[in-house]
Amino acid sequence: MEYVKIVLSAPESRKKPNQRLNFSFTAGRNYSFRIEKGKTQSAEENFIFSYEGKQGIHHIFQEIFGKWTRTYTDAQLIRKRVKEVKL
């Protein structure tokens with residue numbers, strides 16, 4: 001699988017201290033996540049999530065096979081690589 005690094009709207013070096021991070025996903029599309037830590041595999045790589053939407057500051061995802069949910073804030077997504085998965 002090839003993952004795409006989420007790119008911030010402003011490069012880290014130019015990011016102002018109070019600037020908000022905004023990530024966008026499309027409801028109903030499937031995504032897979034990987035922690036950006038060199039070559040080590042993260043447990044998240046083994047799951048595919050369907051994006052359910054955003055409530056407040058939380059992006060809500062549902063695992064497509066087990067139907068359990070997971071939420072992420074924009075800050076939690078900074079060091080993750082995301083791949084859109086087409087089934």
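The values are calculated or read from the model by the stated rules, or taken from the named source; none is laboratory data. For clarity, every value in this text was computed on a predicted model and none was experimentally measured. With ideal geometry, Cβ positions are generated from the backbone for all residues, glycine too; neighbour counts draw on all protein chains shown. With ligands, DNA and RNA removed, areas are computed over all heavy atoms of the protein, side chains included. Shrake-Rupley method; radii C 1.70, N 1.55, O 1.52, S 1.80 Å.
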task: Among the residues of region 65-87, write down those that are among the charged types (D, E, K, R) and either surrounded by 14 or more Cβ atoms within 10 Å (Cβ to Cβ) or at pLDDT 95 or above (or both).
output: K67, R70, D74, K80, R81, K83
statement: Subset of region 19-55, residues open to solvent by less than 70 Å² (accessible area, probe 1.4 Å), modelled with pLDDT of 95 or more and farther than 15 Å from K86 by Cα, comes to G53
